[in-house]
Amino acid sequence: MSQDGSSPRRSAPSPAQGFAAAASPVWASPGDVNAFFGLALDNLADLVLAVSLLATVFGYPADFAVSHFVPGTAIGVVLGDLLYTWMALRLAKRTGRRDVTAMPLGLDTPSTFGMVFLVIGPAFLAAKGPGDASPQTVLAAARHAWHVGMCAIVASGLFKLACAAVAGPIRRLVPRAGLLGSLTAVALVLITFLPLLDVFRSPLVGLVSLGIVLASLTAGIRCPRGVPGALAALVAGWTIHLVGERAGWLVAAPHAALADPAAALWPTAWLSAFSLEWLAAWPDTVRSLPIIIPFALGTVVGGIDCTESAAAAGDEYDTGTVIGVEAVATIVAGACGGVIQSTPYIGHPAYKAMGGRAAYTLATAIVIGVAGLTGTFAWLYQALPPAAVYPILVFIGLEITAQSFRATPARHFPAVAIACVPALAALVTLEADKLLAAGATPAPELAAELLVIRVLSAGFIVTSLAWAGMTAALVDRRLGIAAAWAAAAGVLTLFGVIHSPWPDGRLFLPWQVADAPSVGGGPLHLAAAYGLLALVFAAWGLLQGPGGNGPGENGAAPHG
C-alpha cells in the first residue's frame, strides 16, 4: 500500500502497451522540473548546513571544508543518482511502462547533523586543543577531523553493504517504533529546532521562506503558475535578503564567510584523499561507531520502506539493489573525501505525483556534480542566506516525524515519544557546552544536574533505540523481549556505548571506570540498574504465564 493506504500495485502492461512504450520511451516529463528543484535544493541545503554549522559552532575553517568535504560528498550523490536513473530506465524497458519514476537519492539529513555535532566537530576540537591555536594547528586539526569523517562515512557504507543481503531480517529484528523513534528524535531536536534558530536570527527572510515551504510542501498548496515550492521559498528569501541588506534595514544572520570564493574554483585539495592517509584516523573513529552505525542502520531500514512505497506506487525495485547502491555511493563518497552518507529519500510517491520520471535524478546528479567538482558551490554558499535555505530542512524534519508516526502502529506512539527524550538531553548538553567553553562556572547543584543530562545524552541514538524497543515490547505485552532490550542497554552501558560520563563520550572497559565522573554510582550502577530491570521484566513475564497477553489492569484489550 502507499503512504495513504490507497494506491494498489499496478498490473503488468499488455504486449501492445509494451511495444508502444518501447517505441517511444518516456524518461522525462514536465513534472521532472518540480521534482528536480525539490531534490537538488535539498542536497544543496545539506551541504550548506554542514559547512556553516562546522564553521559557526566549532570554528572549523570554512574554506577547508569547501575545498575538501564538498567534492567527495558530491561524487557520492552523482554516483547514486546516476545508478538510480539507470535502474528506472531498466525497469521501464523491462515492463514497457511509460510512467516509471526513479528512486530519489541524496544526502542524509539526520546523519549530517550527527556527523557535524557528534563526529567531525568534536574531533576537530580535540585535535586543536583548548584556547586559541596557531593557524598551523587549526589546519592540522581540520585535516585530522576530515580524515575521521572519511573513515566514519566509509564505515557507514561498509555496514550498509553488509546489510543489503539481509535487509529483510534486519527489518524484522528491529521494531519500527525503535528505529523510527530514534530518527524522530534527530528530526525534531536537530533537523527542525536548530535551523529554526537561523530562521529567527533573520525573521524577515526566514519566516517568509518558512511560510512558503509549509504552505507548498507540507500543506500541498500549489504555488502560482506551478512554480516549485522549494524554489519559490528560496527566491523569496534571497530577494528579501538582497533588498534588505542594500537598503540597510536588514542585519545579515551570522554566516561563516569564505576568504575568497573565486579561489575555491576547480578545487584539487580533496584529491589528497587518494593518498589514503585518512586510514590512520581509524583508531579515533572507533569511539564514534555507536553514533555512526545507528544512522547507517536508519538509512537501511528507510531504504526498505522507500522501496515498498515505490512498489505501492507501481515501481517494483529490488530492495537489496536499492540499499546496495546507496552503500556503494556512500563508500565512494567517503573514499573521495566526503563526510555525509547518501540515502534513498522518503517520498518516492510524492515525486511520482509531481510527474517525475528519470530526468529529475539525472539532472540532480549533473547539478550537484558540477557545483561540487568545479567549486561553484562556494559561490552558492556565499550568496545564499542560511535563513532562506534552512526552511527546507524544517520541512524535512517535519516530514520525517510525520512519516515515523504514519508508519508506526498507533499503539507504539509512546515508544516513538520516549525515544525523543535522550535527544532533548543531547540538545541541552550541546548548548551547555557552549556556555562552559565561554567560561561559565555552574554552581555545584547545577553542575551535578548537567552531568546527569550529559550521561543521558551520551550515545543518545542507541539509547533512543533501546528505550523505544523496550517500550514497544511492553505495549505488546512481550515482557521477555522487553527484558532483552533492558539487558542489552545494560551491556552497552558497561562499555560506554550509551551513558558515557566523560565529556568526549569515550568508550571504555568496565574495569576502567574508577575515575569516571559519578552519576548515581557511575556506569557500573547504571548497568546494574538495567540488569535488575531486565530481571524484573523476565520474572514478571514468567508469572504472567500463558495468559500474560490478556487484558491490562485497565481492562483494555492487548495490543499484540
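The values are calculated or read from the model by the stated rules, or taken from the named source; none is laboratory data. Here the structure is a predicted model, which is why all the values come from computation and not from measurement. Reconstructed Cβ throughout: ideal geometry from the backbone, glycine too, with neighbour counts over all protein chains shown. For the accessible areas, the whole protein counts, side chains as well, though only heavy atoms, and no ligand, DNA or RNA atoms are used. Shrake-Rupley method; radii C 1.70, N 1.55, O 1.52, S 1.80 Å.
Convert each backbone phi in region 136-145 into a coupling constant with the Karplus relation 6.51 cos²θ - 1.76 cosθ + 1.60 (shift: θ = phi - 60°), then list the ³J(HN,Hα) values in order as whole Hz, x for Gly and Pro.
5, 5, 4, 5, 5, 5, 4, 5, 5, 5
Report the convex hull volume per residue for region 419-479, counting only C-alpha atoms, in Å³.
74 Å³
What is the chain's relative contact order, in percent, from Cα pairs under 8 angstrom and six or more apart in sequence?
Taking the mean separation of contacting Cα pairs over the length of the chain, I get 26 percent.
Using a Förster radius of 60 Å, what is the FRET efficiency between Val235 and Leu509 based on their Cβ-Cβ separation? Nearest 0.05, please. If you can, show how the numbers build up before the last one.
On the way: r = 55 Å, r/R0 = 0.92.
Result of the calculation: an efficiency of 0.60.
Counting only helical runs of four or more DSSP H residues, what would the 222 nm mean residue ellipticity of the chain come to if each run contributes -39,500 (n - 2.57) and the total is spread over all its residues?
When only DSSP H runs of four or more count, the value is -20500 deg cm²/dmol.
At 7 Å along Cα-to-Cβ for each site, give me the label-to-label distance between Leu271 and Ala438 in nm.
4.4 nm
Could you derive backbone 3J(HN,Hα) for region 320-329 from the dihedral phi with the Karplus parameters 6.51, -1.76 and 1.60 (θ = phi - 60°), listing whole Hz in sequence and x where the residue is Gly or Pro?
x, 5, 4, 6, x, 5, 5, 5, 5, 4
Evaluate the Debye formula for the chain with equal point scatterers sitting on the alpha carbons, no solvent, and hand back log10 of I(q)/I(0) at q = 0.06, 0.07, 0.10 Å⁻¹, in q order, two decimals.
Debye intensities relative to I(0), on a log10 scale: -0.30, -0.42, -0.85.
Would you check the accessible area of Glu316, probe 1.4 Å, heavy atoms only, in square angstrom rounded to 10?
90 Å²
When we measure straight from the Cα of Lys434, which aspartates and glutamates land under 18 angstrom away, once same-chain ones fewer than 8 places off are left out?
The qualifying aspartates and glutamates are Asp132, Asp198, Glu449, Asp504.
Could you give each residue of region 527-533 its phi-based ³J(HN,Hα) in whole Hz, using Karplus coefficients 6.51, -1.76, 1.60 with θ = phi - 60°, and x for Gly or Pro?
Here the 3J(HN,Hα) series is 4, 5, 4, 4, x, 5, 4 Hz.
Which aspartates and glutamates have a Cα lying under 12 Å from the Cα of Lys93, excluding residues fewer than 8 positions away in the same chain?
Output for Lys93: empty list, no partners.
Taking H as built 1.01 Å from N, whose amide H comes closer than 5 Å to the amide H of Leu105, not counting residues under 5 places away?
Under 5 Å from the amide H of Leu105 lie the amide H atoms of Tyr345, each far enough along the sequence or on another chain.
How would you order 71-81, 120-130, 205-215 from highest to lowest mean count of nearby Cβ atoms within 10 Å?
Top to bottom by mean Cβ count within 10 Å: 71-81, 205-215, 120-130.
With +1 on each Lys and Arg Cβ and -1 on each Asp and Glu Cβ, how big is the dipole of region 294-439 about its Cα centre, in debye rounded to the nearest 20?
So the dipole magnitude of region 294-439 works out to roughly 240 debye.
Tell me, what is the FRET efficiency for Thr218 and Thr56 to the nearest 0.05, using R0 = 22 angstrom and their Cβ-Cβ distance as r?
0.25
So what is the relative contact order for region 45-196, in percent, with contacts set as C-alpha pairs under 8 Å and at least six apart?
23 percent
Quick query: amide H of Tyr317 versus all other amide H atoms, modeled in the peptide plane; which residues come in under 5 Å with a sequence gap of 5 or more or a different chain?
Ala311
For region 456-518, just run the numbers: alpha carbon Rg, then divide by 2.2 N^0.38 Å, N being how many residues it has.
Ratio of Cα Rg to 2.2 N^0.38 Å: 1.22.
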